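Beneath this line is the structure, given in structure tokens, with notes to follow.
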Amino acid sequence: MLELVSALAAADPDIAHVLRAEARRQHGTLEMIASENFVSTAVLAAMGSVLTNKYAEGYPGKRYYGGCEEVDVAENLARDRVKALFSAEHANVQPHSGSQANQIAYFSFLKPGDTIMGLSLSHGGHLTHGHPVNFSGMFFKVVPYEVSRDTKTLDYDAIRAQALRERPKMLVAGASAYARTWDFARLRAICDEAGCLLMVDMAHIAGLVAAGLHPSPVPHADVVTSTTHKTLRGPRGGFVLAPARNAEVVDKITFPGMQGGPFMHIIAAKAVCFKEAAGDSFKAYQQQVIANARTLAARFIERGFDVVSGGTDTHLFLLDLTTRDLSGKKAEAALEAAGITVNKNTVPFDTRSPFVTSGIRVGTPALTTRGMREAEMLRIADIMASVLEAPADAEVIRKARVQSREVCDSFPLYPELR
Ligand code: DSN
């Protein structure tokens, strides 16, 4: 891999500089964006490989191009491994992203104008779960559900009542900013009563599900979508799982329905990721991800901050800054100046716009990959709290930057590539 980097430096110093600068940035900052992670060098190697050169429209054994015998091996490995990892009857590993996986799930079962019921974006849902500015909101009639005003958690009785009233064709479960455990069995029962399909987008929690630390949607859903790059710690990409009865439609809608040539280098890297996720150390990693998130959230609560729903069962939580008169936008900028990367995020019932927001989303997958544990979480929570308590104080920010850099330097990123 180092030879490849040297070749790049010789051919294109400008882009080589971007790669080096980004590697330095990743090493030197505390990455707490809940959807980001650091892949293994094995995943990096598969992604930066000659497999990118290959066109392979179709599926293993049934391609529209010659010369696919080697990439067929990679795709079969990826499919078999992800099926085993999640005990799924069928898998399609070709979706280029989570958004495309969701397109595939919708168009496998729905016609434009059909009704979907997904968690509102401002309550933790995702753009592709029915937001008006997204294809999902343009093609389908959307009746969003929300979390409870009291607990800021899903209210399954309210979801049931809404589903029975609205009779959607599909109920969409999954979120990008929801910290609590999903009850997929309950949602299945609701869907059966309301006569609708259940789709689960497990992108955020896929690593926890693979490790057996969050209930699996696979036995309950008509279709499950995911990305590979969040808690699952693989390359940037997506996949779809389905019961055998839905295998044919999912494959047909993926190709030729939605996508052209699959990214074989990424599919090979997905296969590596699925092998890693089935390995012995992956469960311990995910346990630590959750323990770290709980430790951080508890420290914020001790320091007087408002953690949405009072804690977390997963890899992330939301800090609600409403009572501090601090927007998520300003908090994100102050933390970034202190060497800590998070994203501004709406909180349930937010009165600010998605560009400003009243909260930040905090996640632990990436820091945990670097080897950080509870002791570091306590220190990081204190650094963050000092910044959020005085976001305009340059001296506080400077001190926090020094402290966050010390933590980073104790946990080198990709030391083998230095
Ligand atoms: N952008 C991802 C996230 O940050 O959660 C979801 O697509």
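The table for this structure:
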read-out: Simple Cβ-charge dipole of the chain, Lys/Arg +1 and Asp/Glu -1, about Cα centre, in debye nearest 20; value: 200
read-out: Residues whose placed amide H lies under 5 Å from that of residue 173, excluding near-sequence neighbours; value: 199, 200, 201
read-out: Over 18 Å between alpha carbons, listed pairs 152/330; 111/169; 62/270; value: 152/330; 62/270
read-out: Distance between modelled label sites at residue 324 and residue 166, nm, 7 Å Cα→Cβ extension; value: 3.3
read-out: Eligible aspartates and glutamates near residue 399 by straight Cα distance, threshold 16 Å, same-chain separation 8 or greater; value: 336, 382, 389, 409
read-out: Per-residue Cβ neighbour rank within 10 angstrom, fewest leading, 228, 346; value: 346, 228
read-out: Net length gained if the chain between residue 151 and residue 41 were fully extended (0.36 nm per residue, minus Cα distance); value: 35.4 nm
read-out: In range of the label at residue 19: residues from the range 398-418 whose backbone nitrogen is under 13 Å from the point 7 Å along Cα→Cβ; value: 417-418
read-out: Computed over the range 289-418: relative contact order in percent, which uses C-alpha pairs under 8 Å that are six or more apart; value: 27
read-out: Alpha carbon centroid spacing (whole Å) that separates the range 394-417 from the range 350-389; value: 15
read-out: Local net charge near residue 54, Cβ-Cβ under 12 Å (Lys/Arg +1, Asp/Glu -1); value: -4
read-out: Subset of 141/344; 54/252; 230/275 violating a 19 Å alpha-carbon distance limit; value: 141/344; 54/252
read-out: For residue 281, net neighbour charge (Lys/Arg +1, Asp/Glu -1) across residues whose Cβ lies under 13 Å away; value: +1
read-out: Charge sum, other residues only, whose C-beta stays under 15 Å from residue 171's C-beta, Lys/Arg counted +1 and Asp/Glu -1; value: -3
read-out: 3J(HN,Hα) from dihedral phi, the range 373-389, Karplus parametrisation 6.51/-1.76/1.60, rounded to Hz, x for glycine, proline; value: 10, 4, 4, 5, 4, 4, 5, 5, 4, 5, 5, 5, 4, 4, 5, 5, 7
read-out: Estimated inter-spin distance, residue 185 and residue 6, nm [label 7 Å along Cα→Cβ]; value: 5.8
read-out: Rounded Å value of the spacing that divides the Cα centres of the range 1-51 and the range 112-182; value: 36
read-out: Ranking of 5, 342 by count of other Cβ atoms within 10 Å, fewest first; value: 5, 342
read-out: Burial ordering of 204, 17, 265, fewest other beta-carbon atoms within 10 Å first; value: 17, 265, 204
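Quick note: the coordinates plus some simple rules give every number you see, no bench work behind them. Fair warning: this is a prediction, and the values are worked out from it, not measured in the lab. As a convention, Cβ positions derive from the backbone with ideal geometry for all residues, glycine included, and neighbour counts pool all protein chains shown.
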